[in-house]
Amino acid sequence: MSVETLLTLTGVSKSYPGAKRLSILRDASLSVSRGESLAIVGPSGSGKTTVLNILGTLDLPDSGSVALDGMELTRLSAKDLARTRNQKIGFVFQQHHLLPQLSVWENVLLPCLAFAQKSSKSADERAFRLLGRVGLAERLDHLPGQLSGGERQRVAVVRALIQQPSLLLADEPTGALDRQSAAEIGQLLVELNREEGVTLITVTHSPELAQRMGRTVTLADGKLVPVR
Ligand code: ADP
Ligand code: MG
């Protein structure tokens, strides 16, 4: 079976202006196959979030190419980028970023409302199935404040998957959790990567979480290099 490439970074450079210009990525390249799971590790400040933001179209590189599903992302209009981000990419961050005044159910369906007046029947069914899958079937009406940290992060994971993205990006998804909850979220991400066929890229400081991914790259001298 041939392995299909989902995502490629080619010759990507990124620097930030300041008193001394910070050169974070220097001619960095990466190729990720559909369905893979990948960890990005590296010291604090090495540029892991910068890479993830560029992959997720939240930031643009200074130069180089980013292609998702054969589409060159650096050339899309703002409108097409917003649609691509909404429909093809799911995000999980260190903090859950759920809206405190909305229920679990409403938080999960929020991404479906970006380009539509109401969520579709299939989205509702998917929300119900996924919330059941992560053990929150009885918590649909709860507010985020009524959940534990691990439960909130599980809601954030379901929200990230609600539009059936091809790519799930996670930036230190277990970084704010206790050991037990961190292990559970790590396990869940790996299982959903397989079950949903979603390609998973996670930035992490946790060797345990990195070890669960199919392979690991690290940031060294502004490049992404394989470590495992
Ligand atoms: P990591 O996620 O590996 O900790 P980041 O990608 O967040 O690293 O940041 C890499 C470096 O770039 C850090 O030194 C950070 O302070 C700097 N940086 C990140 N974003 C900006 C920005 N928007 N403007 C200026 N400097 C930034
Ligand atoms: Mg970071």
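Every read-out reported here was derived from the displayed coordinates using simple, explicitly stated rules and does not represent laboratory data. As the structure is a computational prediction, the values presented were derived from the model and not from experiment. Ideal geometry is used to build each Cβ from the backbone, glycine not excepted, and the neighbour counts take in all protein chains shown.
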**OP:** Can you pull the one-decimal nm distance between simple spin-label points at Ser77 and Ser23, each 7 Å off the Cα toward Cβ?
**Re:** 3.6
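Taking 25 Å as R0, compute the FRET efficiency from the Cβ-Cβ separation of Val227 and Ser31 and round it to 0.05.
Values: r = 16 Å, r/R0 = 0.64.
E between Val227 and Ser31, to the nearest 0.05, is 0.95.
For the stretch 1-97, what is the charge dipole size about the Cα centre, in debye to the nearest 20, if Lys and Arg each add +1 at the Cβ and Asp and Glu each add -1 at the Cβ? Numbers along the way, then the final one.
Numbers: 11 positive and 8 negative charges, 64 e Å.
Dipole about the Cα centre, nearest 20: 300 debye.
For the pair Gln101 and Leu60, what calculated FRET efficiency results from E = 1/(1 + (r/R0)^6), where r is the Cβ-Cβ distance and R0 = 30 Å, to the nearest 0.05?
Details: r = 33 Å, r/R0 = 1.09.
It comes to 0.40.
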**OP:** With a point put 7 Å past each Cα toward its Cβ, work out how far Leu110 is from Arg129 in nm, to one decimal.
**Re:** 2.4
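Classify the stretch 136-179: rounded, prolate or oblate, from the alpha-carbon gyration tensor (a ≥ b ≥ c, eigenvalue square roots; a/c under 1.5 rounded; otherwise prolate if a/b is larger than b/c)? Don't skip to the end; give the middle numbers.
Details: a/c = 2.92, a/b = 1.18, b/c = 2.47.
Here the stretch 136-179 falls in the oblate category.
Run through every distinct alpha carbon pair of the chain and return the Kirkwood hydrodynamic radius in angstroms, one decimal place. Present the calculation step by step, with values, prior to reporting the outcome.
Values: mean 1/r = 0.0553 Å⁻¹.
Every distinct Cα pair counted, the radius reaches 18.1 Å.
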Original post:
Do you know the Lys pair count in the chain for C-alpha distances under 18 Å, with sequence separation 8 or more or different chains?
Top reply: 4
Original post:
Helix 78-88: angle to the longest alpha-carbon principal axis of the chain, degrees 0 to 90, nearest 10?
Top reply: 60
Subject >> 5 angstrom amide H check on Leu136, placed H, neighbours 5+ away >> reply: none
**OP:** Under 14 Å from the Cβ of Val32, count the other residues' Cβ atoms, weight Lys and Arg +1, Asp and Glu -1, and hand me the total.
**Re:** 0
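Can you show me the helix-derived [θ] at 222 nm for the chain, built from DSSP H runs with n ≥ 4 at -39,500 (n - 2.57) apiece and divided by the number of residues, rounded to the nearest 500.
Numbers: 7 runs with 75 residues, N = 228.
Rounded to the nearest 500, it is -10000 deg cm²/dmol.
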Original post:
For the stretch 214-228, in order, what is each residue's ³J(HN,Hα) by Karplus, 6.51 cos²θ - 1.76 cosθ + 1.60 with θ = phi - 60°, in whole Hz (x at glycine and Pro)?
Top reply: x, 8, 9, 10, 10, 8, 9, 6, x, 10, 9, 10, x, 10, 7
**OP:** Sort the stretch 38-98 into rounded, prolate or oblate with this rule: let a ≥ b ≥ c be the square roots of the eigenvalues of the Cα gyration tensor; rounded if a/c is under 1.5, and if a/c is not under 1.5, prolate when a/b is larger than b/c, oblate otherwise.
**Re:** oblate
**OP:** Please build a GNM for the chain, connecting alpha carbons under 10 Å apart, and tell me which residue among Arg159, Arg179, Arg133 fluctuates the most.
**Re:** Arg179
Subject >> Residue among Lys88, Lys79, Lys14 with the largest mean-square fluctuation in a Gaussian network model of the chain, springs linking Cα atoms under 10 Å >> reply: Lys79
Subject >> Sequence-distant residues sharing a close amide H with Gly175 (under 5 Å, placed H) >> reply: none
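About the Cα centre of the stretch 42-166, what is the dipole size in debye to 20, counting +1 per Lys and Arg Cβ and -1 per Asp and Glu Cβ, all else neutral? Intermediate values should be presented prior to the final figure.
Details: 15 positive and 11 negative charges, 35 e Å.
Charge dipole of the stretch 42-166: 160 debye, to the nearest 20.
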Original post:
Once Lys and Arg get +1 and Asp and Glu get -1 on their Cβ, which of Ala156, Leu143, Ser44 lies farthest toward the positive end of the dipole of the chain?
Top reply: Ser44
Subject >> Selected from Ala78, Ala39, Ala114 as most flexible by GNM, with the chain as the system and alpha-carbon contacts under 10 Å >> reply: Ala78
Original post:
Roughly how big is the chain's charge dipole about its Cα centre, with Cβ charges of +1 (Lys, Arg) and -1 (Asp, Glu), in debye to the nearest 20?
Top reply: 340
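Which shape class applies to the stretch 1-80: rounded if a/c is under 1.5, otherwise prolate when a/b exceeds b/c and oblate if not, where a ≥ b ≥ c are the square roots of the Cα gyration tensor eigenvalues?
On the way: a/c = 2.28, a/b = 1.42, b/c = 1.60.
It comes out oblate by the Cα gyration axes.
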**OP:** State the Cα centre-to-centre distance between the stretch 157-177 and the stretch 4-60 in whole Å.
**Re:** 17
Original post:
For the stretch 14-143, what log10 I(q)/I(0) values come out of the Debye formula at q = 0.09, 0.10, 0.16 1/Å, with one point per alpha carbon and no solvent?
Top reply: -0.37, -0.46, -1.02
